[in-house]
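Okay, so here's the structure we're looking at.
The values are calculated or read from the model by the stated rules, or taken from the named source; none is laboratory data. Just so you know, these numbers come straight off a predicted model, no measurement behind them. Positions of Cβ are generated from backbone atoms using ideal geometry, with glycine treated the same way; all protein chains shown enter the neighbour counts.
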Amino acid sequence: MMHDTATSKTRKQRDRAFPWPCANCLKVEVYLPTAAYPVIRVGMHAEIRPQEPIGGAYVAEVASKDAQIDAASGQVKVRYTDDGKEKVVTGRFDLPPDVVNGLVLTLLKNIRSDVPQTKVSMVAATPKPRLVRLAITPQGEDLFSIGGASRKATHYVVKVEIGGAAGLVAPLLGKQPPDTHVWILGGEAPAFVKSEGPLYFGGPIWRIELVSPVWPRALAVDSKD
């Protein structure tokens, strides 16, 4: 449910749900088709309904719009905010057929864990759009439990390969993005279990995990690795 303007009642609900500054605010990322990009504007409001056990309905505000990628033409548009001013950067790429923007988790649930390494492409907003490679490497299986029953999840490490001269100097300048760690429960219906890594270029390390699984403390990944 999306609307452009908020009534005074809606604003009061939003302010109660998301006081600022807020240490426990929920950041929601939404992937939409290209046709929806011109319709969505910063400042619009949406009703968010998390699944149980969180539940409820919350009013959220569109804070930013990320990259728009037209795979057919190779046109990429990135909209970002700098010092309170909205800016737009565009570029054109000869996009390979393995671009996985918005599909990384889907890919991880469908690749074979016995393949030593899988490489795919991604358009990264830095904010200037840049085509990078993702190297996905399985690190074995880790144990966790649900309701007292033991399960195994495949641990994947996703490394960003910038490439070229920029890739050579990135680690020296502190510009190399940290690795992302993702745990996938295998089987006939693979499922996401946990991830640790940045959600955007230059962002902090976020740990996202389901409520039910219980992990041994030793499995926590050091964010400095």
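Name the single residue, out of those in the range 201-218 being among the β-branched types (V, I, T) and either out of contact with any strand residue (DSSP E or B) (no Cβ under 8 Å at 6 or more places or on another chain) or within 30 Å of R79 (Cβ to Cβ) (or both), that is surrounded by the fewest Cβ atoms within 10 Å (Cβ to Cβ).
So in the range 201-218, the residues among the β-branched types (V, I, T) come out as 205, 208, 211, 214.
Adding the requirement that they be either out of contact with any strand residue (DSSP E or B) (no Cβ under 8 Å at 6 or more places or on another chain) or within 30 Å of R79 (Cβ to Cβ) (or both) leaves 205, 208, 211.
On the way: I205: 17, I208: 12, V211: 7.
Here the answer is V211.
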### Task
State yes or no: is D114 at pLDDT 75 or above and over 21 Å from the mean Cα position of the chain (by Cα)?
yes
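Which ones in the range 175-193 are under 14 Å from the mean Cα position of the chain (by Cα) and not in a strand (DSSP E or B)?
Hits for the range 175-193 are P177, P178, D179.
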### Query
Under the condition of being surrounded by fewer than 15 Cβ atoms within 10 Å (Cβ to Cβ) and within 18 Å of the chain's Cα centre (by Cα), which residue from the range 62-78 is modelled with the highest pLDDT?
A63
### Task
Scan the range 131-156 residue by residue and report those that are crowded, with 17+ Cβ neighbours inside 10 Å and of a type outside the set (D, E, K, R).
L131, V132, L134, I136, P138, F144, A153, T154, H155, Y156
### Task
State whether one or more residues within the range 81-103 are surrounded by 11 or more Cβ atoms within 10 Å (Cβ to Cβ), touching a residue at least 60 places away in the same chain (Cβ under 8 Å) and within 30 Å of A189 (Cβ to Cβ).
yes
### Summary
K128 vs (1) of a type in the set (D, E, K, R); (2) touching a strand residue (DSSP E or B) at 6+ places or on another chain (Cβ under 7 Å); (3) under 24 Å from E196 (Cα atoms): all pass except (3)
### Query
Inside the range 54-149, counting only strands (runs of 3 or more DSSP E) that do not spill past its ends, which hold 3 or more residues that are among the β-branched types (V, I, T)?
75-82, 85-92, 118-125, 129-146
### Message
Please go through the range 114-125 and give me each residue that is out of contact with any Asp or Glu (no Cβ under 8 Å at 6 or more places or on another chain) and surrounded by 16 or more Cβ atoms within 10 Å (Cβ to Cβ), ordered by number.
### Response
T118, M122, V123, A124
